[in-house]
């Protein structure tokens with residue numbers, strides 16, 4: 001088990017450091033009175049890896065940007081230089097980290113990098129993120145970083161050698177030892193992980209936990225086989241195909257309610273949904289509706305579709321991209337539709353109770369439906385923007 005985080009960026013040069021240390025009287029260390037970057041200077045980003053069981057620290061001091069690639073490389077260096085020798089028979093690794101920053105739970109590049117690291121090392125890597133506002137509970141903060149700050153208090157960090165040697169000299173009465181290395185690699189910002197790459201990672205390399213799967217998940221050392229290619233779109237027109245899909249998605253085995261109850265709930269929400277939509281449009285345009293010239297706007301999803309999607313999302317955990325695929329729309333369409341429908345349910349004091357399973361892939365959902373005797377028809381062709 002390791003605890004990881006990036007420490008505050010430090011300037012390299014004759015800059016003052018907080019704190020004080022003993023010096024001969026009348027011989028203080030001279031430091032610049034402003035922290036503007038000077039010629040030949042730079043900055044250091046200490047990324048810490050704290051081994052909780054062994055009470056040892058590893059600090060990868062970067063000279064570039066604090067990106068997800070740098071965070072993953074720091075974990076990789078810890079495993080290569082110390083972890084593999086300390087745990088030669090290890091098969092699993094638990095990583096605790098903050099919810100934001102270069103190793104945040106929303107950071108796609110962090111997930112992609114850790115998935116690659118799991119495949120390189122053969123380790124089953126589990127990441128557990130501390131919820132927002134609780135990052136100081138992460139052990140690397142008060143067992144490693146606090147000792148590093150004490151080690152260089154009142155001492156200007158005039159060079160990278162000073163930083164490395166100062167960190168490496170940190171010890172405590174409880175037996176803490178620290179290894180520090182310099183990382184001069186380049187880790188540019190702006191790396192993008194596409195939706196397709198993320199979906200492939202979710203389907204093949206990542207398993208989300210039942211408890212707060214967004215914050216707790218595991219990367220597999222051997223990816224699952226690639227899912228079968230999606231079936232060809234139905235030959236019927238999109239509205240008819242969507243009706244067939246909706247009929248299957250609204251079955252009691254999937255929604256947890258009878259079809260009569262589902263239809264009654266959809267009918268009861270029609271008027272509040274129309275009123276809420278009209279209010280959103282009025283606020284967006286800042287004036288009453290005008291009749292638009294030209295052809296009519298494309299048809300929107302009827303309320304039963306986002307209602308079924310909301311129930312499947314909250315009850316079975318079906319991902320947004322799977323729901324969008326089934327209904328033949330984009331994730332940009334289904335995501336706000338689910339959000340607005342969830343608001344309507346909250347106003348009506350209706351709560352969706354979690355179901356018997358959490359289905360995080362389209363294949364697992366189809367298998368679950370098939371086990372209940374429900375055949376999921378081929379989805380319609382993906383709709384154009386606005387539908």
Worksheet item: Which order, highest average first, do 141-147, 58-64, 352-358 follow once you tally other Cβ atoms within 10 Å for each residue and take the mean per peptide?
Response: 58-64, 141-147, 352-358
Item to complete: Take the alpha-carbon centre of region 150-170, take the same for region 59-122, and report the distance between them in whole Å.
Response: 24
Discussion item. So for each of 256-269, 198-211 I average, over its residues, the number of other beta carbons within 10 Å; can you give me the resulting order with the highest mean first?
Written reply: 198-211, 256-269
Discussion item. Using only the alpha-carbon atoms, what does the chain span along each of its principal axes? Please give whole angstrom values in decreasing order.
Written reply: 85, 57, 36
Response to the item:
Ranked from fewest to most other Cβ atoms within 10 Å of their own Cβ, 315, 153 fall in the order 153, 315
Item to complete: Only helical DSSP H runs with n ≥ 4 go in: add -39500 (n - 2.57) per run for the chain, normalise by residue count and round the 222 nm mean residue ellipticity to 500 deg cm²/dmol.
Response: -11000 deg cm²/dmol
Practice prompt. Give the angle, between 0 and 90 degrees and rounded to the nearest 10, that separates the Cα long axis of helix 331-347 from the longest principal axis of the Cα atoms of the chain.
Written response: 80
Practice prompt. Principal axes first, then extents: for the Cα atoms of region 94-165, list largest minus smallest coordinate on each axis, whole Å, largest first.
Written response: 41, 30, 19
Worksheet item: Per 10 Å bin from zero, what fraction in whole % of the C-alpha pairs of region 2-219 is there, up to the bin with the longest pair?
Response: 8, 32, 34, 18, 7, 1, 0
Worksheet, complete the sentence: Rounded to whole angstrom, the alpha-carbon centroid of region 321-338 lies from that of region 178-195 at a distance of 34
Discussion item. So for the chain, averaging the separation of alpha carbon pairs under 8 Å that are six or more residues apart and normalising by length, what relative contact order in percent results?
Written reply: 16
Discussion item. Just want to confirm a number: the relative contact order over region 1-138, from Cα pairs under 8 angstrom separated by 6+ residues, in percent.
Written reply: 25
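What FRET efficiency, computed as 1/(1 + (r/R0)^6) with R0 = 51 Å and r the Cβ-Cβ distance, is obtained for residue 264 and residue 8, rounded to the nearest 0.05?
On the way: r = 57 Å, r/R0 = 1.12.
So the FRET efficiency works out to roughly 0.35.
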Worksheet entry | region 143-204: mean projected area of Cα convex hull, nm² | 7.6
Worksheet item: Gain in length, residue 220 to residue 331, computed as 0.36 nm per residue apart minus the alpha-carbon separation, to one decimal in nm?
Response: 37.3 nm
Worksheet item: For the pair residue 81 and residue 165, how long in nm is the line joining their label points, each one 7 Å along Cα→Cβ?
Response: 1.7
Item to complete: Could you rank the peptides 78-87, 28-37 by their average count of other C-beta atoms within 10 Å per residue, with the highest value first?
Response: 78-87, 28-37
Worksheet item: Which semi-axes, in whole Å and largest first, does the equivalent ellipsoid of region 2-119 have when worked out from the alpha carbon gyration tensor as the square roots of 5 times its eigenvalues?
Response: 33, 18, 12
Worksheet item: Points 7 angstrom from Cα along the Cβ direction at residue 363 and residue 340: gap in nanometres?
Response: 3.5
Practice prompt. Give me the distance between the Cα centres of region 14-29 and region 251-270, rounded to whole Å.
Written response: 72
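Where a number appears in this text, it was derived from the coordinates with a stated rule and is not lab data. Model, not experiment: these values are computed from the prediction. Neighbour counts are summed over all protein chains in view; Cβ atoms, including those assigned to glycine, are modelled from backbone coordinates with ideal geometry.
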